[in-house]
Structures are given as structure tokens and as C-alpha cells.
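Have a look at the structure below, then the notes.
The values are calculated or read from the model by the stated rules, or taken from the named source; none is laboratory data. Keep in mind that this is a model prediction, so the values were computed, not measured. Here the Cβ positions follow ideal geometry from the backbone for every residue, glycine too, while neighbour counts run over all protein chains shown. We work out accessible area using only protein heavy atoms, side chains counted, and drop any ligands, DNA or RNA first. Shrake-Rupley method; radii C 1.70, N 1.55, O 1.52, S 1.80 Å.
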Amino acid sequence: MTTNENTQSRFPLWLIAIGPLVLLAALVVLFINTNPIQVATADLPPIEDLSIQRITLPDFGVIELEVTNAGPDPVEIAQVLVDEAYWQFEIEPASTLNRLQTATITVNYPWVETEPHEIVLVTSTGATFAGEIELAVETPAPGVNQLFGYALVGVYVGIIPVGLGLLWFPAMRQLGRKGLGFILSLTVGLLVFLLIDTLLEAFEVAELLPEVYQGIPLTLFVASLTWFAIMAIGSRQAVADRESAQGRRFIALLIAIGIGFHNLGEGLVVGAAFALGEAALGSFLVIGFILHNITEGVGIAAPVTKDKVPISWFLRMLLIAGAPAIAGTLIGGFAFSPLLAVIFLGIGVGAIWQVIVEVGMLLQRQAERDGENFISWTNSAGLALGIAIMYLTAFLVKF
């Protein structure tokens with residue numbers, strides 16, 4: 001009997017597997033207790049990193065800040081300056097924050113509506129961390145009118161544009177083979193824009209997270225997991241089945257899911273912007289969102305233009321793609337979380353990428369079946385037009 005066989009007979013597999021982990025845990029505990037690098041770091045100041053997660057104005061004359069200790073050492077908040085003047089403040093649960101601990105700071109300050117204000121937190125070591133109120137408006141409190149208003153914003157951002165785009169389905173059914181290829185290529189174009197737009201939004205929100213959360217890697221990690229998960233679900237369906245009515249509906253469903261997560265993340269950002277007074281809820285902005293997102297409905301309907309689809313199916317796709325914008329605006333308006341926004345936007349990136357792959361493969365199979373080149377003038381024109389439409393209508397939203 002060999003040594004390897006003797007070892008396997010003496011010790012069970014689970015014990016062999018966790019043995020190195022136990023030794024690693026013991027080594028970490030030993031390092032923490034003995035701290036062998038204490039001699040080299042004894043004279044260095046503590047590393048302080050306060051992250052201001054959210055600033056709200058719950059009532060006139062009151063400012064609330066949600067802060068997180070993102071550094072490795074405890075931090076004591078000693079003073080608060082508002083517009084370069086020291087003000088008394090209250091902090092819960094305590095003025096000293098341990099690593100990753102969050103506290104709420106309340107400052108009684110007569111802020112001026114629609115005016116900017118700067119807030120600076122001073123720690124016991126003299127380090128400063130600044131936050132800014134770009135436009136002072138009272139933060140909405142949960143209530144029937146407020147909930148209805150933010151839900152209505154979600155309807156404008158998600159439900160109405162997707163629904164209007166789906167209304168083009170009867171006209172799309174009248175198109176010939178090349179016309180349908182053009183619409184599918186246009187769908188890829190708008191999805192490419194949504195992919196880049198969602199990714200950039202995720203990176204922008206990730207900057208609000210404490211560095212310890214690694215916002216940008218977290219975005220890419222969530223996007224990759226979502227992509228792999230959707231591929232695993234789709235692998236259950238044979239490639240040949242993708243040309244069937246059921247397969248085309250599956251692709252349309254993927255498009256609706258990808259757009260839904262994009263609209264959820266978009267709703268989070270829009271709701272937070274409205275709550276903080278950084279955007280004016282005017283008719284021009286609402287019209288901009290409708291024009292910008294109307295092609296989303298076209299993208300959902302494009303794969304099933306050859307099929308007879310019941311109205312109930314369109315209603316389901318409308319809810320999947322558009323309703324998340326309502327949830328996003330409500331969460332963003334009343335309980336915005338940068339971490340939650342990064343996760344949802346990351347899911348949207350992964351889902352939209354896989355949809356681009358699926359629609360691209362559908363176009364390629366159709367071209368091979370017809371004996372044509374996949375990269376044709378028709379497909380190229382559709383792709384370019386889809387990107388151009390999304391890019392130009394984005395001016396109405398960003399204006």
C-alpha cells in the first residue's frame with residue numbers, strides 16, 4: 001500500500017480538505033495578536049477614510065448625512081462645518097466609527113432653498129471630508145402623493161416608451177425579409193448604446209461607494225455572473241430551436257429582461273436625482289425620456305415579427321421591460337443605495353450583452369440560410385441607425 005493510500009485510509013476527505021483552511025485561520029489569528037509589523041507602523045498616523053453616502057434635507061433647517069468609515073482604522077468625527085462655519089450636530093449611534101460602520105449626522109442649519117451648500121466633516125486628527133448639496137430642496141417623505149408622483153415618473157420613463165414602441169409591431173409584420181433584418185440590426189444598435197450607457201452609469205455610481213467595496217470590479221463581476229447565468233439557461237435550448245416561434249419568443253424575453261434591468265438602474269438614478277433636487281421634473285425632460293426609450297419596444301417586438309403573438313404576451317413583455325423603472329424611481333427617491341444601484345446596473349450590463357450576442361447570432365443564421373453575407377449594407381445601416389437614434393435622443397435627457 002502506498003503512502004497516498006495510507007493517508008486516505010487514515011483521514012476522511014472532509015478533514016483533509018479543511019485542514020489547510022484551519023491552519024490559515026490560525027496563522028491570521030497569530031498575526032493579528034502578535035502584530036509583527038507594529039515596530040514599523042507605530043509612529044504612523046491612522047488611516048482615515050470617511051465616505052459620505054447620502055445627504056438629505058428632511059425638513060427646513062435640518063440636514064442629515066449618512067457616512068461610512070471606509071478606512072481600516074476607527075474614526076472620530078469631532079466637528080462639522082456648513083458653508084465654512086462650525087455648527088452643532090448630533091450623531092447616531094456614536095461619534096467614533098469602527099471599520100465599515102455607518103452613522104447618521106443631523107445638523108440644524110437654516111439652509112436656503114435652491115441654493116448650494118458645502119458640508120465638511122472634521123475628524124479628531126484634523127482630517128477633512130467634504131460633501132456638497134448642489135441644489136437645496138426638501139427631501140420627499142414617504143406619503144401617498146409622493147409615492148404616486150415618483151411612480152408616475154417611472155411610468156413615463158419605462159412603461160410609456162416601451163408600450164409606444166410595441167405599437168409598431170403590426171407595421172413591422174408588413175416588412176419583407178430584408179426589412180426584418182434591418183429592424184433586428186437596429187435592435188442590436190440600440191442595445192449596444194444601452195450597454196455602454198448602463199456600464200458608464202454603473203461606473204459613475206460606483207465612485208460613490210467606499211473603496212473597500214471595489215465598485216468597478218463589483219460591477220464587472222456581477223455583469224459576468226449574469227452573462228454566464230443567462231447562457232446556462234439558454235444552453236438548455238438547442239440552437240435549431242432558436243429559429244422556432246418558441247425560440248424567437250425566448251430571445252424577445254431576454255431583450256425585455258435586459259431592458260428591464262437597464263430601466264431599473266435608470267429609475268434608481270433618476271429617482272435619486274429628483275429627490276436631491278438635481279433635476280427639474282418638467283414636461284421637456286419627460287418627453288425626452290419617451291423619445292429616448294421608445295425604440296426599446298421595437299427591440300422587443302423585432303424577433304417575433306413572423307409570429308402571431310397574443311396581446312397578453314405583449315402585456316407581459318411591457319411589464320418586464322417597463323415596470324422596473326417604477327420600482328427604481330421609488331427606491332431611488334426614498335432609499336437610494338449606491339451599492340444596490342451598482343448591483344442592478346451590473347446585472348443590466350450582463351443581460352444586455354447576452355441579448356446582443358443572441359440577436360447577432362440570429363442575424364448570422366438568417367444570413368447563412370439565405371446565402372448572404374452577415375455584414376451587409378442593410379445590417380450595417382440598421383446598426384448605425386439604432387446607435388444614432390439612441391445617441392441623438394439622449395441629448396433631450398441630458399440637456
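Side notes on the structure shown:
- Inside region 78-88, residues that are of a type outside the set (Phe, Trp, Tyr) and either under 31 Å from the mean Cα position of the chain (by Cα) or in a loop (DSSP other than H, G, I, E, B) (or both) make up a count of 3.
- Output for region 54-85, where each listed residue is of a type outside the set (A, V, I, L, M) and over 19 Å from Pro142 (Cβ atoms): Gly61, Thr68, Asn69, Gly71, Pro72, Asp73, Pro74, Glu76, Gln79, Asp83, Glu84
- Selection of first residues in region 10-36 that are among the acidic types (Asp, Glu) and of second residues that are assigned to a helix (DSSP H, G or I) and surrounded by 10 or more Cβ atoms within 10 Å (Cβ to Cβ), restricted to Cβ pairs under 9 Å at least 6 apart or on distinct chains, gives an empty result.
- Gly265 falls short on exactly one of the conditions (1) out of contact with any Gly (no Cβ under 6 Å at 6 or more places or on another chain); (2) modelled with pLDDT under 85; (3) part of a helix (DSSP H, G or I); (4) open to solvent by less than 20 Å² (accessible area, probe 1.4 Å), and that condition is (1).
- Qualifying residues in region 173-206 (those that are among the aliphatic types (A, V, I, L, M) and at pLDDT below 85) - the one surrounded by the fewest Cβ atoms within 10 Å (Cβ to Cβ): Leu175
- Helices (runs of 4 or more DSSP H) wholly inside region 310-399 that include at least 3 residues being surrounded by fewer than 24 Cβ atoms within 10 Å (Cβ to Cβ) and either within 15 Å of the chain's Cα centre (by Cα) or among the polar types (S, T, N, Q) (or both): 324-335, 338-369, 377-398
Yes/no matrix, rows are residues, columns are (1) open to solvent by 40 Å² or more (accessible area, probe 1.4 Å); (2) at pLDDT below 90; (3) part of a strand (DSSP E or B):
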{"residue": "Pro72", "(1), (2), (3)": "yes, yes, no"}
{"residue": "Glu90", "(1), (2), (3)": "yes, no, yes"}
{"residue": "Thr104", "(1), (2), (3)": "yes, no, yes"}
{"residue": "Thr114", "(1), (2), (3)": "yes, yes, no"}
{"residue": "Ile119", "(1), (2), (3)": "no, no, yes"}
{"residue": "Leu147", "(1), (2), (3)": "yes, yes, no"}
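- Cross-chain or 6+ apart pairs with Cβ under 6 Å, region 325-338 first and charged (D, E, K, R), then surrounded by fewer than 24 Cβ atoms within 10 Å (Cβ to Cβ): none
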